[in-house]
Amino acid sequence: MRTEAQVLKGHLDTLLLASLADGPRHGYAVKEALRTSSGARFDLPTGTIYPALRRLEAAGLVRGTWSEAGGRRRRTYELTPAGHQRLSRDRAAWRDFAAAVSAILEPAL
Amino acid sequence: MSSALISDYVDGLHRRLPAAIAAEAADGLIETYEHHLASGAGERAAAHAAVAEFGDLETVAGEFTRQAPGRRAARMLLATGPVVGACWAAALVLGRAWTWPVPAAARAGFGAVLLLAVLALAVAATSQRSYQRTRLTTAAGPVILVLDVTAVAAAALTAPALTAVLGTAAAASLARIAFTAWTLPRLAAR
């Protein structure tokens, strides 16, 4: 049986893309969005968000840009058009999967 | 930013990771630290809370290493290598390649270079903590590319007949040439 952390890791890419769906965010805000949206259930070490964001950037799904704010350079991440496409595909796939699992685990009474 | 704990951590990131990646991770750590400062913690407490929340240096640098593009490319090449190799093995055995006019030194040289490239890829593919090692792919990748080109050219020049199985092996090499040529420029920047 896989632990919840391992399952979460399998879905991290989609969750990160979803947390950027509403617009550009800093890395910390991405992590906070995951934590608050999941009711504090998904509380990842912040440092592991960045390697994942970087990988998504290499895959062309996320774009990171440096900007000057408050006297230091800060990095902002946003979805690319390919990232938006991937997110809607992942969302549809998840809805189908979740519906199928629910149909088995919670059959209508 | 003035906490010694934070600046030590940032120094550690720069020692372990390429500059651009270290800068990105440092930005994240400092952002976490500032978040704790803003919520009222003192400098020391905020620094400790930030490091605890961010994850220790081993974990973070290790995660960057495991997700390094060089490591992923090396894994891809190692995973597909046996397929390309098997195609060539079948073509060479069926075509009785030992009768082709290829000097023994060239055969041995090809084998030795291939072995070295595979070893370098294996080191890059299995690196858990050293980001530097994942960059071996940028050295081994071009070697694999040249070996593929050499194999296709040597077969075209010396094989007595173009058989279907030889064509398959050449196609496998050409596919890998395309993959390597597409991937390498993306690794060079990272």
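Quick note: the coordinates plus some simple rules give every number you see, no bench work behind them. Keep in mind that what you see is a predicted model, and the values were worked out from it rather than measured. Every residue, glycine as well, gets a Cβ built from its backbone with ideal geometry; the counts of neighbours run over all protein chains shown.
For the pair the stretch B:109-141 / the stretch A:1-60, the C-alpha centres are spaced 31 Å from each other. Among A:Glu32, A:Glu68, A:Glu57, the largest mean-square fluctuation in a Gaussian network model of chain A (Cα springs under 10 Å) belongs to A:Glu68. Counted by Cβ distance under 12 Å from B:Ala154, the other residues give a net charge of 0, where Lys and Arg count +1 and Asp and Glu count -1.
Placing unit charges on each Cβ (+1 for Lys and Arg, -1 for Asp and Glu) gives chain A a dipole about its Cα centre, and among A:Ala100, A:His11, A:Gly27 the Cα reaching farthest toward its positive end belongs to A:Gly27. For chain A, relative contact order (Cα pairs under 8 Å, six or more residues apart, normalised by length) works out to 26 percent.
Whole Å is fine, so just give me how far the alpha carbon centre of the stretch B:146-188 lies from that of the stretch B:65-82. Answer, in whole Å: 19.
Here chain B is assigned +1 on the Cβ of each Lys and Arg and -1 on the Cβ of each Asp and Glu. Its dipole about the Cα centre then comes out at about 1100 debye.
Taking 1.567 mPa s as the viscosity and 4 °C as the temperature, the Stokes-Einstein diffusion coefficient of the protein assembly as shown based on its alpha-carbon Kirkwood radius rounds to 58 µm²/s. Counting every alpha-carbon pair across the stretch B:1-75, the share separated by more than 13 Å comes to 64%.
For the stretch B:4-64, a crude dipole built from +1 on the beta carbon of Lys and Arg and -1 on the beta carbon of Asp and Glu, taken about the Cα centre, is about 120 debye to the nearest 20. Based on C-alpha pairs under 8 angstrom that are at least 6 apart in sequence, chain B has a relative contact order of 24 percent. Computed from backbone phi with θ = phi - 60° and the Karplus coefficients 6.51, -1.76 and 1.60, the 3J(HN,Hα) list for the stretch B:146-163 is 5, 4, 4, 4, 4, 4, 5, 5, 4, 5, 5, 7, 10, 5, x, 8, 8, 9 Hz; x is used for glycine and proline. Taken over chain B, the ratio of Cα radius of gyration to 2.2 N^0.38 Å equals 1.47. Averaged over the residues of peptide A:50-57, the number of Cβ atoms from other protein chains lying within 10 Å of each residue's Cβ is 6. Using helices alone, I'd like the mean residue ellipticity at 222 nm for the protein assembly as shown: each DSSP H run of four-plus residues gives -39500 (n - 2.57), total over residue count, nearest 500. When only DSSP H runs of four or more count, the value is -24000 deg cm²/dmol. Each of B:Ile21, B:Ile177 was scored by other Cβ atoms within 10 Å of its Cβ. Listed from fewest to most, they are B:Ile177, B:Ile21.
Which of the trypsin sites (Lys or Arg not before Pro) across the stretch B:27-99 are loop residues per DSSP, with 16 or fewer other Cβ within 10 Å?
B:Arg96
Normalised by residue count, chain A yields a Cα convex hull volume of 127 Å³ per residue. Taking Cα centre as origin and charging only the Cβ of basic (Lys, Arg, +1) and acidic (Asp, Glu, -1) residues, the dipole magnitude of chain A rounds to 400 debye.
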